[in-house]
Amino acid sequence: MGRLIYLDNNATTPLDPLVLEAMMPFLTTHFANASSVTHRAGRAAAAAVENAREQVAGLIGASSREITFTSGATEAINMAIKGVFEHYRAKGSHFITCQTEHKAVLDTFAYLDKQGAEVSYLPVEADGTLDSALFESAIRKDTVMVALMYANNETGVLHPVAQIGEIAQKHDVLFFCDATQAAGKVAVDVKAIRADLLCLSAHKLYGPKGVGALYIRRRSKRIQTGALLHGGSQENRLRAGTLNVPGIVGLGKAAAIAAQNMATESARLANLRNELEVGLAKLPATFINGRGAQRLPNVSNVSFRHLRADQIMGRVPDIAIASGSACVSGTRDPSHVLKAMGLSDADAHAALRFSLGRFNTSEDIRTCIKLVFAAVEKLRATSPIWQLHEAGLTD
């Protein structure tokens, strides 16, 4: 077994050694509760939390007072959507989202649908892009909020978030943006996109698992406090529970590193991603999903027609890649994202997601191209469906 080439960074990233170094004191000697401000050890922990809050705010152009720490993006999504639903019931219960959103958003709305909410699910174009005019036409007098991601986790396709924010503000509709995949990879500015709420997660930007953040614009009305958790006054009474100080410190450090290196790292990853796509596209009946759209610099979603993704993955055990979102990879259903883009079940099942990261090299990409290329050719050589394709008897 050779060295593992890790190309599944959209599922989770490795912990940056500098992040681990920043966390270690708070896992060992500086272990105090950040709420125990009556003594020096607790005040030191509280100061570390506030420093991390400043670092996270700096990554997205926010004020530190607008940052609430959570256990991750899924909790932040539930807190934002359910909190707005509870707080704004008197105004209305209509929400707008998109068919290609993350399951954390879609499943939360499915729950609220049973609680009396009405949700409009916008379609996307064939390249995964969203028509902002279609969004505007979906707004009603009782529309409370639009929930749209910054970047798709499976294809890397970017939503027109600046336009969405402008339209939402014009109609006095709240804009919640899931920036989990975008934060740290592309510039995210909550003021520029007019976001009222926005979430991110540490483990998507080389921080630890189990910690994330929710941005709530100060000039926006508050979401319903205690929408998920009751029990204490932590985080301005928005989220009860003892703070995960080591995790929060790690998130802050990860945010600071990402902010410092984003421009050069994004350009480097885009070059590697393009090299990968050029190499894989030389295989016949192979295409890049979302290729014509603006995308994250590190993501490539590729369909190898007349094969199944699991067949290819089984042939390349030394490469960590995915057949879709990590949250739904155990299911046998085709990707809801690719289906919304118009792909057939077969082409959706034939798709692999390559998500590059900070520690990938050009050598990794060349090796990946070589191994995947060989695997696809060998599988097709013995595939009856491929032989029919070669004979011109199928698409």
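Of the numbered criteria (1) out of contact with any Phe, Trp or Tyr (no Cβ under 8 Å at 6 or more places or on another chain); (2) over 24 Å from T74 (Cα atoms); (3) among the aliphatic types (A, V, I, L, M), the one V302 fails is (1). Please work out if G156 is surrounded by 24 or more Cβ atoms within 10 Å (Cβ to Cβ) and touching a residue at least 12 places away in the same chain (Cβ under 8 Å). Here the answer is yes, as G156 does meet what is asked.
L388 meets each of the listed conditions (1) assigned to a helix (DSSP H, G or I); (2) modelled with pLDDT of 95 or more apart from (2).
Looking only at residues of the stretch 214-228 that are surrounded by fewer than 23 Cβ atoms within 10 Å (Cβ to Cβ) and in contact with a Gly (Cβ under 6 Å, 6 or more places away or on another chain), we find that the one that is modelled with the highest pLDDT is Q224.
Hey, any hits in the stretch 362-379 for a residue that's outside any helix (DSSP H, G or I), touching a residue at least 40 places away in the same chain (Cβ under 8 Å), touching a Leu at 6+ places or on another chain (Cβ under 8 Å) and polar (S, T, N, Q)? No, that holds for no residue.
Restricting A41, A34, A47, A57 to residues that are among the hydrophobic types (A, V, I, L, M, F, W, C) and in a loop (DSSP other than H, G, I, E, B) narrows the list to A34. The residue list L269, L307, L343, L276 contains one member that is part of a loop (DSSP other than H, G, I, E, B), of a type in the set (A, V, I, L, M), more than 19 Å from G128 (Cα to Cα) and in the same structural domain as F359 (by TED's automatic domain parsing), which is L307. When A52, A22, A45 are checked against the criterion of being surrounded by 15 or more Cβ atoms within 10 Å (Cβ to Cβ), touching a residue at least 40 places away in the same chain (Cβ under 8 Å) and within 16 Å of S201 (Cβ to Cβ), a single residue qualifies: A52.
A quick yes/no check of all residues on (1) free of Cβ contacts under 8 Å to residues at least 12 places away in the same chain; (2) over 15 Å from the mean Cα position of the chain (by Cα); (3) surrounded by 24 or more Cβ atoms within 10 Å (Cβ to Cβ):
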position	(1), (2), (3)
E166	no, yes, no
H171	no, yes, no
D178	no, no, yes
A183	no, no, yes
K204	no, no, yes
G212	no, no, yes
Q234	no, yes, no
K253	no, yes, yes
A270	no, yes, no
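Assess whether R295 counts as being surrounded by fewer than 17 Cβ atoms within 10 Å (Cβ to Cβ) and closer than 30 Å to A254 by Cβ. Taking the combined requirement at face value, the residue does not satisfy it. Scanning the stretch 156-189 for residues that are assigned to a loop (DSSP other than H, G, I, E, B), touching a Lys or Arg at 6+ places or on another chain (Cβ under 7 Å) and on the phi < 0 side of the Ramachandran plot gives T180, Q181.
The values are calculated or read from the model by the stated rules, or taken from the named source; none is laboratory data. Given the structure is predicted, the values throughout are model-derived calculations rather than measurements. Virtual Cβ from ideal backbone geometry, glycine too; neighbours counted across all protein chains shown.
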